[in-house]
Amino acid sequence: MKKVLFSIIIGFSILSHANAFEGDAKAGKTKAATCTACHGANGIGIMGAYPNIAGQHADYIVKQLKAFKANSDRSDPVMSPMAAALSEQDMADVAAYFASFGRDGSAPAVTEDAASDSSATSAAPVTRAPAKAVYIADAKSGKALYEHGDKARGITACIDCHGKEGNSDVLINPNLSAQHPEYIEKQLKAFKAVTRHNVAMNQISGNLSDEDIANLGAYFKDPAAVGEVKASAAMVVVKSFTGDVAEGKIKAVTCAACHGEDGNALVAMYPSLAGQGEAYLVKQITEFKTGVRQDPVMAGMVAALSADDIQNISAYFASQTLNPAMAETSARGKQLYMSGDAKAGITACVACHSINGKGMDKAGFPSVAGQSPTYLKSQLEKFRTKARTNDTNSMMQNIAIKLTKKDLDAVANYMASLK
Ligand code: HEC
Ligand code: HEC
Ligand code: HEC
Ligand code: HEC
């Protein structure tokens, strides 16, 4: 099947070469004046909706312009009228012009004229309104899908056609490197809905879920930043939050001094909030505010927050990734966590905080995995001495009171070591 697709692509490639007009980048520069309003003087689209065409293969650009003009395989209310005004020679020229830039919009190596134009280097910074997060796209899963595909779901690896990190060797297969994620997502959805036509892409995108598409977009935000990934990482990571992550991030700036900008505290006495359950965070912040959980520092910090603020801040920290703490583990710590101590009447922590320590947010059980051991010890001590009493049915107080000082340290260290 992959073979068949390849031969279709290569077939097209030969065809388009045979028909191609020779493009002149210098003439193309003049003709491209109308294009720059959206695609930038150097081919870097000024917004997420306008694709980067800098350093794109000229053959591919020409093919797209023809498709827009014919309103056949690809149609777009903005681009179709634009392309309608272009002759085949114009297309070849503007394609040669945009193809002469680097993928990042850097000045062309050979066409000195274009490089000397100061406006050609004005890659405007892209500002995008943060989307309300329904789920958090995962760049790692995107990369795994890009490089390995997913046989079980009939998804061919994109890398076979689009090349390493989106730099393709086949001229009719577009470069995806340095492309706006929004644009990538829009195109994948258009291929999936078959409003944009291409045999290979219609088939491949037909098997992509919305989460896959968002993950692929996230990967292209910065492909170089995602490390090595295995095929097994292609599982879809869907996290949903009740609050608005983007709003929460804005409100959370006052928390950064102690809990870290991304919820990873830098000082051991402060808890990390990154990756903690959203519902648990809402409960804690609300209870600091009402005094059900008592802490003089936190009470002041959260006094002015509205219910919406609390929900949004919680969603923000819950969406962040925890950098787990380092801690020494011991056999006793693991034993207490996994099995409790029947003789001492200590319930196994695993029953509520789960096997990997991530807790169960829906049931109100917090994540303790990778949390600062200093903080975990301080909380067990507070439950033990009834300085913290906000646990429903005193469930933590009843357990903590049975822990000796040595056991308390051992189990806290074990929790901190979980990932
Ligand atoms: C008013 C804004 C605007 C102008 C002006 C404009 N474009 Fe576009 N262009 C777009 C948009 C929007 C798309 C994406 C359409 C879609 O989503 O399918 C696009 C897509 C393209 C693509 C396809 C890119 C890809 O990766 O598949 C090419 C090639 C292109 N434009 C070339 C040009 C050229 C050449 C000109 C000048 C003659 C031009 N455009 C003028 C907005 C514009
Ligand atoms: C068999 C080869 C092949 C494979 C595999 C493939 N693609 Fe494509 N892709 C193409 C071709 C060819 C086009 C250009 C279609 C056209 O001419 O309109 C394209 C176009 C695209 C575009 C639009 C680019 C633009 O600038 O408009 C995106 C985005 C894309 N592919 C993403 C993917 C992703 C993600 C995967 C993997 C899930 C993938 N492709 C797998 C061949 C392939
Ligand atoms: C000056 C330092 C400081 C600042 C600033 C701060 N906190 Fe805290 N935070 C603490 C301390 C100390 C604790 C531990 C309190 C205890 O021992 O019960 C804590 C605990 C918490 C907890 C409980 C964590 C858990 O695992 O149970 C949450 C939730 C929290 N803070 C949220 C916030 C939010 C939201 C803000 C910003 C509006 C904020 N904090 C600002 C110091 C701070
Ligand atoms: C029956 C369920 C249950 C068991 C068993 C349990 N916990 Fe908990 N634990 C909770 C709940 C619920 C909370 C949160 C209370 C609240 O809402 O403030 C909690 C909170 C904690 C916290 C504070 C977390 C934070 O971020 O502030 C620590 C530390 C903790 N538990 C340790 C333990 C240890 C150690 C054990 C085993 C010896 C254990 N727990 C067993 C239910 C349980």
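The values are calculated or read from the model by the stated rules, or taken from the named source; none is laboratory data. No experiment lies behind these values; they were computed from the predicted model shown. Here Cβ is always computed from backbone atoms with ideal geometry, including for glycine, and neighbour counts include all displayed protein chains.
Tabulated data for the structure shown
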quantity	calculated
Identity of the residue in the stretch 238-265, surrounded by fewer than 15 Cβ atoms within 10 Å (Cβ to Cβ) and of a type in the set (A, V, I, L, M), that ends up farthest from the chain's Cα centre (by Cα)	Ala257
Qualifying position, being over 27 Å from Thr321 (Cα atoms), in contact (Cβ under 8 Å) with a residue 60 or more places away in the chain and surrounded by 18 or more Cβ atoms within 10 Å (Cβ to Cβ), among Val199, Val170	Val170
Residues satisfying the stated conditions in the stretch 399-419, i.e. of a type in the set (A, V, I, L, M) and in a helix (DSSP H, G or I)	Ile399, Ala400, Leu408, Ala410, Val411, Ala412, Met415, Ala416
Count of residues meeting criterion [under 25 Å from the mean Cα position of the chain (by Cα) and either among the β-branched types (Val, Ile, Thr) or within 16 Å of ligand 3 (Cβ to nearest atom) (or both)] in the stretch 193-207	1
Residue count for the stretch 172-215, restricted to those that are under 21 Å from Lys63 (Cβ atoms) and not β-branched (Val, Ile, Thr)	25
Looking only at the stretch 266-308, and only at residues there that are over 22 Å from the mean Cα position of the chain (by Cα), part of a loop (DSSP other than H, G, I, E, B) and aliphatic (A, V, I, L, M), the one that is nearest to ligand 1 (Cβ to nearest atom)	Leu305
Residue that is surrounded by the most Cβ atoms within 10 Å (Cβ to Cβ), among those in the stretch 202-211 that are closer than 10 Å to Thr156 by Cα and touching a Lys or Arg at 6+ places or on another chain (Cβ under 8 Å)	Ser205
Selection from the stretch 270-294 of residues that are out of contact with any Phe, Trp or Tyr (no Cβ under 6 Å at 6 or more places or on another chain) and among the charged types (D, E, K, R)	Lys283, Glu287, Lys289, Arg293
Qualifying residue in the stretch 14-25 (condition: assigned to a helix (DSSP H, G or I), at pLDDT 90 or above and small (Gly, Ala, Ser))	yes
Residue match in the stretch 328-350 (condition: under 23 Å from Ala274 (Cα atoms) and free of Cβ contacts under 8 Å to residues at least 60 places away in the same chain)	yes
Residue identified as of a type in the set (Val, Ile, Thr), in contact (Cβ under 8 Å) with a residue 60 or more places away in the chain and outside the structural domain of Thr286 (by TED's automatic domain parsing) among Thr385, Thr404, Thr374	Thr374
